[in-house]
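What follows draws every value from the coordinates through simple rules; no lab data is involved. It should be emphasised that the depicted structure is a prediction, and the values quoted were computed from it without experimental measurement. Glycine gets a Cβ as well: all are built from the backbone with ideal geometry, and neighbour counts include every protein chain shown.
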Amino acid sequence: MEIIQKDNTEGGLFIAQEDGNQMGYISYEWFEPKVLGLMHTVVRPEYRGHGVAKALLDATVQYARANGILIHAVCSYAVKEFSKSEYDDVNKCKH
């Protein structure tokens, strides 16, 4: 699985793909210059249960940590995952 990022001034996507097939994505919006909001996590039905959503979230968190960015979880998947302490350092709601 490969994860690529597509970003613009308003938001962007982290996209999971394998062999040219899009498996899923996380969309985000820039709330502030150093705060991104995770808006939607979408995984195609045939790839659900294979860790795609977690891989997408991990890539987003890695990007945030590397760039000094905080994350505001909006989508239900991200909200659930961000209740875990492993994300406290990038969780906007904890700062």
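Assorted remarks:
- In sequence order, segment 77-85 has phi-based couplings of 5, 5, 4, 4, 5, 6, 6, 7, 5 Hz under the Karplus curve 6.51 cos²θ - 1.76 cosθ + 1.60, θ = phi - 60°, and Gly or Pro positions carry x.
- For Lys34, a cut-off of 16 angstrom between C-alpha atoms picks up these lysines, skipping any fewer than 8 places away in its own chain: Lys92, Lys94.
- Computing Cα Rg over 2.2 N^0.38 Å directly from the structure and comparing it against (1) 1.09; (2) 1.01; (3) 0.97 singles out (2).
- Projecting the Cα atoms of Phe14, Ala55, Gly37 onto the charge dipole of the chain, computed from C-beta unit charges around the Cα centre, puts Gly37 farthest toward the positive end.
- Amide hydrogen proximity for Phe31: with H placed 1.01 Å from N in the peptide plane, the residues at 5 or more positions away or on another chain lying under 5 Å are Leu36, Gly37.
- Modelled label positions at His40 and Gln22, each set 7 Å beyond Cα in the direction of Cβ, lie 1.0 nm from each other.
- Backbone HN-Hα couplings from phi across segment 88-95 [Karplus 6.51/-1.76/1.60, Hz, Gly and Pro as x]: 4, 5, 10, 7, 4, 5, 8, 10
- In this structure, the amide hydrogen of Val90, modeled 1.01 Å from its nitrogen in the peptide plane, lies closer than 5 angstrom to no residue at least 5 positions away or on a different chain.
- Distance between modelled label sites at Ser76 and Ile4, nm, 7 Å Cα→Cβ extension: 3.0 nm
- Cα-based helix-to-principal-axis angle, 52-67 vs the chain, degrees rounded to 10: 40 degrees
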